[in-house]
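This report concerns only the one structure given below.
Read-outs throughout are calculated quantities, based only on the coordinates presented, and are distinct from any laboratory measurement. As the structure is a computational prediction, the values presented were derived from the model and not from experiment. Every residue, glycine among them, receives a Cβ derived from its backbone with ideal geometry; neighbour counts consider all protein chains shown.
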């Protein structure tokens, strides 16, 4: 599973001190970050039932519950109402972009597609989260929420149409996309943010 591999690589970078700057901007300690990664990996194997019937919907602990809890924590650390509204705005815009693209684009058959949907939508959500948010925290939240909320919208539509399906919010391939999107967003903010600090002498986190 690519999402688990990404998390293991992230854990290694934290253990060896490579991700120190990123954690500082996110407001997390090494121990907190490793705990979150552990919960995501362990939780990726746990689905909590929400709806039963012709369309069965559950929510994945690692791919939805933990990221949502982390987002609530990040929002609670907002320094002002303006920052809070900006964070919510980034989530709404990112979700709109990801959902909109999912409705109009056709990546083709698996054996013919140029890029796998996991990476494609992870990149789209990560870049949009980066462009709409000014901080590591909100970029991570917007990019991961963009994928999770789009997944929820699709599942709600399937439920309303009474389609035969068994799906988990944030589960399976969506878990990988959520993790990849968050990584892309935070990486972009870290790289561009460092350049902004050098140019302006100020930090936006």
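Antiparallel DSSP bridges in the chain: what percent, to the nearest 5? Present the calculation step by step, with values, prior to reporting the outcome.
On the way: 4 of 9 bridges.
So the antiparallel bridges amount to about 45 percent of the total.
What list do you get for 55, 29, 95, 128 if you sort them by fewest beta carbons within 10 Å? Working shown, then result.
On the way: 55 19, 29 12, 95 22, 128 25.
Neighbour counts put them in this order, fewest first: 29, 55, 95, 128.
Compute a Gaussian network model of the chain, connecting alpha carbons closer than 10 Å, and tell me which residue from 140, 74, 180 fluctuates the most.
Comparing 140, 74, 180 in the GNM, the peak value goes to 74.
Determine, for 66, 156, 104, the number of other Cβ atoms within 10 Å of each Cβ, and report the residues in order from fewest to most. Write out the running numbers ahead of the final one.
Numbers: 66 23, 156 14, 104 6.
Neighbour counts put them in this order, fewest first: 104, 156, 66.
In degrees between 0 and 90, to the nearest 10, how far off the longest principal axis of the chain does helix 173-200 point, with axes built from Cα atoms?
20 degrees
Could you work out how far apart the two model spin labels at residue 119 and residue 5 are, taking each label as a point 7 Å from the Cα in the direction of the beta carbon, and quote it in nm?
1.1 nm
Working from Cα positions, state the angle (0 to 90°, nearest 10) between the long axis of helix 2-15 and the longest principal axis of the chain.
So the inclination is approximately 20 degrees.
Summing -39500 (n - 2.57) over the DSSP H runs of n ≥ 4 in the chain and dividing by its residue number, what mean residue ellipticity at 222 nm do you reach, to the nearest 500 deg cm²/dmol?
Values: 8 runs with 139 residues, N = 205.
Calculated at 222 nm, the ellipticity per residue is -23000 deg cm²/dmol.
Angle, helix 30-43 long axis vs. longest principal axis of the chain, Cα atoms, 0 to 90°, nearest 10?
Value to nearest ten degrees: 10.
Quick one: among 30, 176, 79, which has the greatest mean-square fluctuation in a GNM of the chain with alpha-carbon springs under 10 angstrom?
Greatest mean-square fluctuation among the candidates belongs to 79.
I need the shape label for the range 1-137. Rule: rounded when a/c is under 1.5, else prolate if a/b > b/c, else oblate, with a, b, c from the alpha carbon gyration tensor.
rounded
Test of understanding: extend the Cα→C-beta vector of residue 163 to 7 Å, then name every residue of the range 36-60 with backbone N under 13 Å from that spot.
55-56
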